[in-house]
């Protein structure tokens with residue numbers, strides 16, 4: 001079921017332009033924009049959570065100790081298993097990391 005949403009004429013013009021350029025329905029342009037926005041909000045939350053964790057030396061040390069503990073299981077005979085992330089997802093994660101941490 002379709003729903004009407006009122007938007008400023010300037011935004012409607014931008015949406016029409018994007019839809020025309022990409023040869024996609026306006027609804028799909030909006031859907032993709034919202035998906036991207038939600039993803040950005042998620043990563044922003046992750047960054048904020050890690051910043052809070054890093055600000056507490058005791059909690060950060062506990063986190064690092066736990067990571068080290070779990071790291072020991074990284075090569076536990078699963079070498080022939082399918083990768084957890086697809087190459088596209090790995091590229092997205094790497095790009096995000098580089099943008100976030102400048103590396």
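For the reader, a short list of remarks on this structure follows.
- Scanning the stretch 41-60 turns up at least one residue that is in contact (Cβ under 8 Å) with a residue 24 or more places away in the chain and either assigned to a loop (DSSP other than H, G, I, E, B) or surrounded by 10 or more Cβ atoms within 10 Å (Cβ to Cβ) (or both).
- The residues of the stretch 18-34 that are assigned to a helix (DSSP H, G or I) and surrounded by fewer than 10 Cβ atoms within 10 Å (Cβ to Cβ) amount to a single one, 21.
- Pair list, Cβ < 7 Å and 6+ apart or interchain, from the stretch 89-101 residues that are touching a residue at least 12 places away in the same chain (Cβ under 8 Å) to residues that are in a helix (DSSP H, G or I): 96/43; 100/47
- Residue match in the stretch 84-102 (condition: touching a helix residue (DSSP H, G or I) at 6+ places or on another chain (Cβ under 8 Å) and outside any helix (DSSP H, G or I)): yes
- Among the candidates 15, 78, residue that is surrounded by 10 or more Cβ atoms within 10 Å (Cβ to Cβ) and not in a helix (DSSP H, G or I): 78
Read the figures in this text as sums done on the coordinates, not as results from a lab. Since the structure is predicted, the reported quantities are computational estimates derived from the model, not experimental observations. Please note: Cβ atoms are built from the backbone with ideal geometry, for glycine as well, and neighbour counts cover all protein chains shown.
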